[in-house]
Amino acid sequence: MTGPFRARGGGRIDRSRILRFTFDGRAFTGHPGDTLASALTAAGVRLLARSFKYHRPRGLVSAGVDEPNALVTVIRDAGRTTPNLAATEVELYDGLKAISQNRWPSLRFDVSALNDLFAPLFVSGFYYKTFMWPKSFWAKLFEPVIRATAGFGRAPTAPDPDTYARVHDHCDVLVIGAGPAGLAAALAAAVAGAKVILCDQDPEFGGALLGDPTAKIDGRPADDWVAETVAALAETPRVRLLRRTAAFGWYQHGLVGLIEKVTDHLADPDPALPREVMHLVRARRVVLAAGAIERPLVFPDNDRPGVMTASAARCCLCRHGVAVGSRVVLFTAVDDAYHAAIELAAAGVIVERVVDLRPDGGPMTAAARAAGLAVETGATIDRVFGRTAVTAVEIGRIGADGRVAPGPTVACDVLLTSGGWTPSIHLFSQARGSVVWDETRGVFLPGRSVEPVRAAGACNGTAGLADCLDEGWAAGADAARTAGGGEVSPRRFVATGTSIAIGGFLGEVPHAGDPDRARAFVDFQHDVTAKDIRLAVREGFRSIEHVKRYTTTGMATDQGKTSNLNALAIAAEAAGKPIPEVGLTTFRRPWTPVSFGAFAGGNRGDLFDPIRPTPAHASAVGAGAVFEDVGQWKRARVFPRSGESEAAATTREVRTVRETVGLFDASTLGKLEIVGPDAATFLDRIYVDPLAKLAVGRCRYAVMTRDDGFVFDDGIVARLAPDRFHVTTTTGGAARVANLIEDFLQTEWPDLDVWATSVTEQWAVMALQGPKAREVLAPLVEGLDLSGAAFPHMSVAECRVAGVPARLFRVSFTGELGFEVNVPAGHGEALFRLLADRVAAVGGAPYGTDAMHVLRAEKGYLVVGQDTDGTLTPADVGLGRSVGRGKPDFVGKAGLARADLADPDRRGLVGLSVADPNVVLVEGAQLTADADPKPGTSALGFVTSAYFSPTLGRGIALAVVAGGRTRIGTTVHVPMPGGSIAATVVSPVFFDPEGRRLHV
Amino acid sequence: MLLVPCPWCGPRPEIEFVAAGEAGIARPAPDADPAALAEALYFRSNTKGLLAERWRHVHGCGRFFVAVRDTVSDRFAGSWPPGVPHPSPAELAAGEAER
């Protein structure tokens, strides 16, 4: 016998096999078909968890996905440790190891249970009210302590070794939920010939039918009908059946996210299998048959282990062959819960009393009395005795005036409760469906949706089995037809079974307890009581969204599946407003927790984001490069030699370029080929600079703005032929520049005969910069005279370099004599190695982006996006004279004509110099007029670039400052934590201002 | 995730596209006065209901086009290549109301 509470017969379990498992180190046994919750219940374990805030002992409340209390951690190994799983959802396997959470040192003796004694202090908004002062204590003391004390399970410490798959799928009809309505819908759609996907979060199809032994369909036990229907669906080629698969989120246009748990229920999963599969299903039509959730009643101490929903007890008995207790009291506001009592009694459990909240009971009251049960109507529960397990309850009698008089105390070990059922409209609401308040039954039901979804069965407020089947069939047939599939004739089912009470009693029940003291729990998972909600309303919170955040009701992993409507009813009553006026909180994705692994899928490690190495990447690695990420690019930042620090290496690399020659891999620059009869006209309009008359064989540094006139990108425009240009962009701006160019070509000037092609990946670019650049390069070049006279600064030519066709640019981003050799990408690696050897032979070296930044800052060359921020015009950065104002039109012409751009106080790019040469300012530091500015003083500007310049032997900085170059010669202050630093505003060109070194 | 109707490629998932703002806004003239410039650059209709928008099928055919979308329901009422005359959102809404 696997536990004293295992029923002698019944249940959908395989009694021939015994599974061993442990909970908090204690060994137990169960059967295939058990959940962790049912197996522990069979063993008589009632205490399964401690609550979030008060650390109150807690047991099982429900039997499914809505379980708020029984959260456990399942451990396979350090990386395969899953916290916060509902024990009702954990399928038992041999060797399963689970532990309880939120307790220390043990579940039975938990030190933090002291919190419960101080519960009167932990009212709504406790944190906001208590940890207000002193302010500095929050970050260092209060928050860490609260975070350490609160919370559920702990995240695993090792990386997740499992794999997670993602599948994109399409279907005509997606049916969510395989209860009676869902099965009927899937069958109808399948018969109509539609491509169908049917999913259910359970391991077994059947939904509510699995826990209803009274159900009969077409004259036979419902079990048989389920088996036949599932078999028929399985044989239909266009139908896919997904078990253990929850529809967790609705995205737009019929896209539904399904999460399939593949291996969690297996003792020894095949390592080749993914742990979970995320199905992203694009469905033409969706039938939502998500069922309903039973609500617990709200009364004093309703959270004691042993107080659970009637359907949970029925599910334990019918599905798992487990009696939840030996002496049971049922407390109900609806009829269908009586079935649990009757079936438990039939299984030999003593049903001490049925307490019916309704004055005269309901239709089932007489049936129960006839079956020999003692029923009290017009009664309630005032108190629950027992701390770690229910020992007795006190029954209260509701008088005609609504007052409650204490009644008898009845000993029991389980108290079943039912307030009625809440339709699961979560996904319907996510599909932007409106919800409609049903006044008579007191429930929210699906209204209209802009998405192709139709609800059927209990989630649509339909209670009877035959009605659910009929509605499912009709919904499935309609979905198949409107999805463009075939027709299927209407069908009516003859069926009987438990008719659940949609609606029922909402809010806190009448009881004899003090409403300001009694702990009547609404949200078990977050320890929110009815009085907490009333307090929130009393303190002025009116919106249910605010009440939710202030009290934390409906938060956490269960998202208030059992509690939201009760909380809403209590808030509405306290506010004196009808429920629909108070409104619902948003139904958020996901419906059930989904692992991060499933969302990440294969996008982990190297596959997290594409990596763009340059063609010469391997050689840079070989040369000892340290790389940086620039977007997706890997760029060599510095090439430290053995024993050399990065800073020392950067200094050496800068000196090398100034003194001999450096080699730089510039392949990441964005490159566009602009071709066509109107190419020159087009570029003349796209860049602010005049480009129409650019001579063949010449380059121009050009700036691009958008129509607002603010600097957007810059680069080199090179004319290779009258109708052919090679254009470079910044590394980070390549995609947005290409997009802007395409936009203007396609939509603004479609009359221009121009083609723009991104060739960033097609060319490898090696820059040789320094006085010896020509000496290194010239012997490799065929068909071109590199002399200063024949090939001056800003020239371009097509030639051969090292035997390879090349585009050779004489350009410089360092202020030195410079060449950029473009060769087809496949030759980039060889060219880098060849040039590296030749550079080394004359005392040069490769250099990285750190040195490049210092070199360009010494020359005052700006970096778009670092020295500009989208509010600076070309004139603001000192390039005003290059704007072709005489052009009839260019992108930015109107923006640059704004009169207010002439404001002399506009911020502009300048250099900063500090008296102490060793001081390097900090990028992003603010600039002020006063050394010790008063709080609230506006900054004059800020530092955009700051480096130590080896060439000048001092710190240099670029900055934007109000007034720009008109401020040159004045002093500004840079307030820093250690005190203000005075800096003189200077020209941004620190080195070789005449540009003599360029023109050699 | 939306299914965006590319006039050339048919309905494709949203991740293949970039939105390019409200359609039908003329680029400011080179001599636009500041008010006209501000209107063209910064003011948008923020319509609740049918709105003509520009999209680019950047990870597909690469082309820009105009699509009319209901900003409440995300339903697309149609899409057209750039420069092709298309019914205004108001005309589309009126046509739908008739049906």
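The values are calculated or read from the model by the stated rules, or taken from the named source; none is laboratory data. Everything numeric in this text was worked out from a predicted model, so none of it was measured. Note that each Cβ is placed from the backbone with ideal geometry, even for glycine, and that neighbours are counted across all protein chains shown.
Numbers for the structure displayed
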item: Residues (under 17 Å from A:R108 (Cβ atoms), among the charged types (D, E, K, R) and surrounded by 22 or more Cβ atoms within 10 Å (Cβ to Cβ)) located in the stretch A:25-64; result: A:R46, A:R50, A:R56, A:R58
item: Filter result (part of a loop (DSSP other than H, G, I, E, B), at pLDDT 80 or above and surrounded by 16 or more Cβ atoms within 10 Å (Cβ to Cβ)) within the stretch A:102-124; result: A:N102, A:R103, A:L107
item: Tabulated pairs, the stretch A:513-541, first more than 13 Å from A:F52 (Cβ to Cβ), second assigned to a helix (DSSP H, G or I) and among the aromatic types (F, W, Y), C-beta under 6 angstrom, 6+ apart or interchain; result: A:A536/A:Y550; A:F541/A:Y550
item: Strands (runs of 3 or more DSSP E) wholly inside the stretch A:685-787 containing at least 1 residues that are polar (S, T, N, Q) and within 14 Å of chain B (Cβ to nearest Cβ); result: A:699-705, A:755-758
item: Residues that are under 22 Å from B:V4 (Cβ atoms) and buried (at least 21 other Cβ atoms within 10 Å of the Cβ), drawn from the stretch A:279-292; result: A:H279, A:V281, A:A283, A:R285, A:V286
item: Criterion violated by A:A192 - all others in (1) under 18 Å from A:L255 (Cα atoms); (2) surrounded by fewer than 24 Cβ atoms within 10 Å (Cβ to Cβ) satisfied; result: (1)
item: Pairs, first more than 16 Å from A:R637 (Cβ to Cβ) in the stretch A:652-664, second in a loop (DSSP other than H, G, I, E, B) and among the basic types (K, R), C-beta under 8 Å, six or more apart; result: A:T660/A:K772; A:V661/A:K772
item: Any chance B:S45 is in contact with a strand residue (DSSP E or B) (Cβ under 6 Å, 6 or more places away or on another chain), polar (S, T, N, Q) and either more than 13 Å from chain A (Cβ to nearest Cβ) or part of a helix (DSSP H, G or I) (or both); result: no
item: Any hit, the stretch B:2-11, residues being farther than 23 Å from B:E96 by Cα and part of a strand (DSSP E or B); result: no
item: Test result for A:D218, crowded, with 18+ Cβ neighbours inside 10 Å and closer than 22 Å to A:A474 by Cα; result: no
item: Residue, farthest from A:K934 (Cα to Cα), within the stretch A:955-987, restricted to residues that are within 44 Å of the chain's Cα centre (by Cα) and assigned to a loop (DSSP other than H, G, I, E, B); result: A:G978
item: Residue list for the stretch A:65-101, restricted to those being assigned to a loop (DSSP other than H, G, I, E, B), surrounded by fewer than 22 Cβ atoms within 10 Å (Cβ to Cβ) and of a type outside the set (A, V, I, L, M); result: A:R76, A:D77, A:G79, A:R80, A:Y93, A:D94, A:G95, A:Q101
item: Only listed residue being out of contact with any Gly (no Cβ under 9 Å at 6 or more places or on another chain) and surrounded by fewer than 19 Cβ atoms within 10 Å (Cβ to Cβ), chosen from A:P690, A:P677; result: A:P677
item: Subset of the stretch A:329-375 (residues that are in contact (Cβ under 8 Å) with a residue 60 or more places away in the chain and on the phi > 0 side of the Ramachandran plot); result: A:G348
item: Which listed residue is of a type in the set (G, A, S) and under 29 Å from A:Q201 (Cα atoms), from A:A572, A:A556, A:A536; result: A:A556
item: Residues that are farther than 21 Å from A:H617 by Cα and either surrounded by fewer than 17 Cβ atoms within 10 Å (Cβ to Cβ) or among the β-branched types (V, I, T) (or both), drawn from the stretch A:806-833; result: A:V811, A:T814
item: Any hit, the stretch A:357-364, residues being modelled with pLDDT of 95 or more, crowded, with 20+ Cβ neighbours inside 10 Å and within 45 Å of the chain's Cα centre (by Cα); result: yes
item: Of the criteria (1) closer than 24 Å to A:G321 by Cβ; (2) β-branched (V, I, T); (3) in contact with a Gly (Cβ under 8 Å, 6 or more places away or on another chain), which one A:V45 fails; result: (3)
item: Considering residues of the stretch B:69-83 that are part of a loop (DSSP other than H, G, I, E, B) and more than 24 Å from A:P750 (Cβ to Cβ) only, the residue farthest from the other protein chains (Cβ to nearest Cβ); result: B:T71
item: Given (1) touching a strand residue (DSSP E or B) at 6+ places or on another chain (Cβ under 9 Å); (2) within 29 Å of A:K772 (Cα to Cα), index of the condition A:E659 fails; result: (1)
item: Enumerated helices (runs of 4 or more DSSP H) restricted to the stretch A:819-933, each holding at least 3 residues that are within 14 Å of chain B (Cβ to nearest Cβ); result: A:893-896
item: Tally, over the stretch A:405-462, of residues that are over 29 Å from A:A520 (Cβ atoms) and in a loop (DSSP other than H, G, I, E, B); result: 7
item: Those residues of the stretch A:656-707 which are polar (S, T, N, Q) and over 19 Å from A:A721 (Cα atoms), in sequence order; result: A:T656, A:T660, A:S667, A:T668, A:T705
item: Candidate set from the stretch A:796-815 (those that are in contact with a helix residue (DSSP H, G or I) (Cβ under 8 Å, 6 or more places away or on another chain) and in contact (Cβ under 8 Å) with a residue 40 or more places away in the chain); member that is farthest from A:E858 (Cα to Cα); result: A:F813
item: Failed item in (1) more than 12 Å from every other protein chain (Cβ to nearest Cβ); (2) without any contact (Cβ under 8 Å) to a residue 24 or more places away in the chain, with B:A40 passing the rest; result: (1)
item: Any hit, the stretch A:270-277, residues being within 20 Å of A:A458 (Cβ to Cβ) and surrounded by 21 or more Cβ atoms within 10 Å (Cβ to Cβ); result: no
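Here's the yes/no breakdown for (1) small (G, A, S); (2) closer than 29 Å to A:L255 by Cα; (3) in a loop (DSSP other than H, G, I, E, B); (4) more than 10 Å from every other protein chain (Cβ to nearest Cβ):
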| site | (1), (2), (3), (4) |
| --- | --- |
| B:A20 | yes, yes, no, no |
| B:A35 | yes, no, no, yes |
| B:A52 | yes, yes, no, yes |
| B:A67 | yes, yes, no, yes |
| B:P85 | no, no, yes, yes |
| B:A90 | yes, yes, no, yes |
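Residue-by-condition table, conditions (1) of a type outside the set (S, T, N, Q); (2) within 14 Å of another protein chain (Cβ to nearest Cβ); (3) surrounded by fewer than 24 Cβ atoms within 10 Å (Cβ to Cβ):
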{"residue": "A:D162", "(1), (2), (3)": "yes, no, yes"}
{"residue": "A:C199", "(1), (2), (3)": "yes, no, no"}
{"residue": "A:E204", "(1), (2), (3)": "yes, no, yes"}
{"residue": "A:G207", "(1), (2), (3)": "yes, no, no"}
{"residue": "A:T214", "(1), (2), (3)": "no, no, yes"}
{"residue": "A:V230", "(1), (2), (3)": "yes, no, yes"}
{"residue": "A:F248", "(1), (2), (3)": "yes, no, yes"}
{"residue": "A:L255", "(1), (2), (3)": "yes, yes, yes"}
{"residue": "A:E260", "(1), (2), (3)": "yes, no, yes"}
